[in-house]
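Shown next, in structure tokens, is the structure this report addresses.
Every number here is computed from the coordinates shown, using simple stated rules; none is lab data. For clarity, every value in this text was computed on a predicted model and none was experimentally measured. Using ideal geometry, Cβ is built from the backbone for each residue, glycine included, and neighbour counts are taken over all protein chains shown.
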Amino acid sequence: QVQLVESGGGLAQSGDSLRLSCAASGVTFSQYAMGWFRQAPGKEREFAAAIVTTGDNTVYSDSVKGRFTISRDNAKNTVFLQMNILKPEDTAVYYCAAARSYRTLLTGSADYWGQGTQVTVSS
């Protein structure tokens, strides 16, 4: 059974930093591209960041580029999202996702999804 479990969400103030983690189990982690998506209240889920299997390449949405950094530790089956210079518009439920191809993630799809972790940023 594949499980993606996010952690690290919470309350932050504008300008703060948070680090999200996603631990994967039941899957050969190193064979999956990993991504982070987010869904704000009343809005559709949107792509935030993705990283290829080796960690050599990353892709970001324009809204987080330069502020967020995605990374992975294949030895620990974990993907991270370092979020800096947080803004109130970053408030959303953040979802971890896994796909055999990072291109799948860029379409907004994934093979597996986590349950999400809430990030709330106050001004």
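Net length available on complete extension from K87 to D62 is 7.6 nm, with 0.36 nm assigned per residue and the Cα-Cα distance removed. Among residues other than Y32 with Cβ under 9 Å from its Cβ, the summed charge is 0 (Lys and Arg +1, Asp and Glu -1). Based on the Stokes-Einstein relation at 20 °C and a viscosity of 1.002 mPa s, and on the Kirkwood radius from alpha carbon pairs, the chain is assigned a translational diffusion coefficient of 153 µm²/s. Applying the Karplus relation 6.51 cos²θ - 1.76 cosθ + 1.60 with θ = phi - 60° to region 25-39 yields 3J(HN,Hα) values of 9, x, 8, 6, 4, 5, 9, 10, 6, 10, x, 10, 10, 8, 9 Hz, where x marks Gly and Pro.
Summing charges over neighbours of G66, with a neighbour being any other residue whose Cβ is under 15 Å away from its Cβ, gives 0 when K and R count +1 and D and E count -1. Highest mean packing first, where packing is the average number of other Cβ atoms within 10 Å per residue, the peptides 40-46, 62-68 line up as 62-68, 40-46. Each residue of region 71-78 was assigned a 3J(HN,Hα) from its phi angle through the Karplus expression (A = 6.51, B = -1.76, C = 1.60, θ = phi - 60°), giving 8, 8, 10, 5, 5, 10, 6, 9 Hz with x at Gly and Pro.
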